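Notes follow the structure.
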């Protein structure tokens, strides 16, 4: 079986540091994590730029803004009706329970924080882990569709593996290192977007030599 830390170093050498998550504040990370659900990051960047230009990229501003106005501002991301509501629900939760103070929210252990975030409407496993890893700066591995696709094609997990089991798969094999968790997740996203696509570009993939799917397809040629 391929070693995850070896895969990490190979991707890092080939793709370089990703510097993910691109944001100026912890709150911007949270907004991005909610807006990126079923949306490309390019569209999220456009929506965040709109929020900044309207002076709405703070919990206080989002708490006060009319939801109809918010929908218009974040329109580039798609599903903007639901996402506007999700942002409003989150900032209401933050202000009702922590007086709008992210430090107070983040000042608890990872398990309790995850439970709190999952209790908020509109925040699922991936969004919660993204917030914990990139905003709270606590080590928890983020799993997404790219991760599952890549790992199943490599032959390391079953394509029906659950989110929780795939997360454990990474956390049991990797050192509990915040920067490795951040960088590895970002590298897998980059690999999934540009190489291990729905229709994969196997000939250009930097880890095809350890890929079960690539080896199987090569035998058929």
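Annotations for the structure displayed:
- Burial ordering of 87, 35, 156, 178, fewest other beta-carbon atoms within 10 Å first: 178, 156, 87, 35
- Whole-percent pair-distance distribution, where bins are 10 Å wide, for the alpha carbons of the range 1-86: 16, 43, 20, 14, 7, 0
- When the Cα gyration tensor is reduced to axis lengths a ≥ b ≥ c, the ratio a/c is 1.5 or higher for the range 26-135, and with a/b above b/c it is classed as prolate.
- With Cα atoms, 0 to 90° folded angle of helix 4-15 axis to the chain main axis: 80 degrees
- The slack between residue 71 and residue 176, meaning 0.36 nm per residue of separation minus the straight C-alpha distance, is 33.9 nm.
- Panel values: the chain, Kirkwood radius from alpha carbon pairs, Stokes-Einstein at 37 °C and 0.692 mPa s, translational diffusion coefficient 177 µm²/s.
- On Cα atoms only, tilt of 80-98 relative to the major axis of the chain in degrees: 70 degrees
- Per-residue ellipticity at 222 nm computed for the chain from its helices equals -18000 deg cm²/dmol, with DSSP H segments shorter than 4 residues left out and the rest contributing -39,500 (n - 2.57).
- Between the helical axis of 163-173 and the longest alpha-carbon principal axis of the chain there is an angle of about 60 degrees.
- C-alpha center-to-center spacing [the range 165-201, the range 93-116] in angstrom: 26 Å
Since every read-out is calculated from the coordinates, none of them should be taken as a lab result. Bear in mind the structure is a predicted one, so any value in this text is a computation, not a measurement. When we count neighbours, we look across all protein chains shown, and the Cβ atoms used for this are built from the backbone with ideal geometry, even at glycine.
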